[in-house]
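One structure is given here, and the rest of the page talks about it.
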Amino acid sequence: MTKRRPLNEEERADAERLKDVYKRKKAEYRLAGKKLTQESMAGELGWSGQTAVSQYMAGNIPLNLEAAAMFARFFDVPLENISPRLANLLPNASQSEKQQGSSRLSDDDTERVPLISWMEAGTTQPTTGDHASETRILCPVPHSNKTFALVVEGEAMKSPGDRYSFDDGDIIHIDPAGQPRQGSIVLVRNPQDEAAILRQLMIDGGRRYLKALNPAWPDAIIEFPPGAHIVGVVICKTVSFAA
């Protein structure tokens, strides 16, 4: 089992802010004659149990943008109140938009795409573009109206120095209308798995393979799974350089 890395100072501060917001909201519920628990929160957020909520609040795992935005919407507080560093990962949003926990649509809302979860990416029909997320961010390149964004998780696609490299926390934009080609970075849904996966598409002799860019990744190249399909093609990524 891989040893979990310790949280840095900013991530620990995020956990403390999240816990404080939870305590204040819990007190508000009590005054209103209602009850708020981590278990009930998990249910409202669509999670299977309270473990993730507890882990985030305890500072055992770092908050990511997807989870922080969900907490902000649940508590009805600005995203910055929970994590200023993650609010800065919305590089194209205005300051007022960052403070809402989810970006509001601009006059030209065709430039904005929904930021969704990996679970949703693995279950939503890509042809509909019907995503539940209220968080929308600008996509800086031409795209179809089916395009959506994800926050990269893990290091399977990390390959420093190469043309393509995706770090944990990068925001990627996936267009289901994109044409997958040899070498494309694609999002793949396998009916056997709950969440979609990000890989490079390799085609050799008419057969398709999926490649993890991290050379140290176990089973870095696998044959395209039977029954799996390509949800969309990565058309760009955005990175925050905020300190």
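The values are calculated or read from the model by the stated rules, or taken from the named source; none is laboratory data. Bear in mind that the values here come from a model prediction, so they are computed numbers and not experimental data. Here the Cβ is made from the backbone with ideal geometry for all residues, glycine too, and neighbour counts use every protein chain on show. Just so you know, the surface numbers come from the protein's heavy atoms only, side chains and all, with ligands and any DNA or RNA stripped out. Shrake-Rupley method; radii C 1.70, N 1.55, O 1.52, S 1.80 Å.
Summary of values
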quantity	calculated
Selected residue (criterion: farthest from residue 59 (Cα to Cα)) from residues of segment 12-24 that are in contact with a helix residue (DSSP H, G or I) (Cβ under 8 Å, 6 or more places away or on another chain) and not aromatic (Phe, Trp, Tyr)	21
Pair list, Cβ under 9 Å, 6 or more apart: segment 8-26 residue polar (S, T, N, Q), other residue part of a helix (DSSP H, G or I)	none
Elements of type strands (runs of 3 or more DSSP E) in segment 176-243, at least 1 residues being without any contact (Cβ under 8 Å) to a residue 40 or more places away in the chain	197-204, 207-211, 221-223
The one condition in (1) surrounded by 13 or more Cβ atoms within 10 Å (Cβ to Cβ); (2) under 21 Å from the mean Cα position of the chain (by Cα) that residue 46 fails to fulfil	(1)
Matching residues, segment 51-87, being over 15 Å from residue 20 (Cα atoms) and in contact with a Ser or Thr (Cβ under 7 Å, 6 or more places away or on another chain)	66, 69, 73
Residues that are open to solvent by less than 40 Å² (accessible area, probe 1.4 Å) and either modelled with pLDDT of 85 or more or touching a Phe, Trp or Tyr at 6+ places or on another chain (Cβ under 9 Å) (or both), drawn from segment 80-98	82, 83
Residue 222, sole failed condition from (1) crowded, with 18+ Cβ neighbours inside 10 Å; (2) in contact with a Leu (Cβ under 6 Å, 6 or more places away or on another chain); (3) of a type in the set (A, V, I, L, M)	(1)
Qualifying residues in segment 109-159 (those that are assigned to a strand (DSSP E or B), at pLDDT below 85 and not aliphatic (A, V, I, L, M)) - the one farthest from residue 73 (Cα to Cα)	112
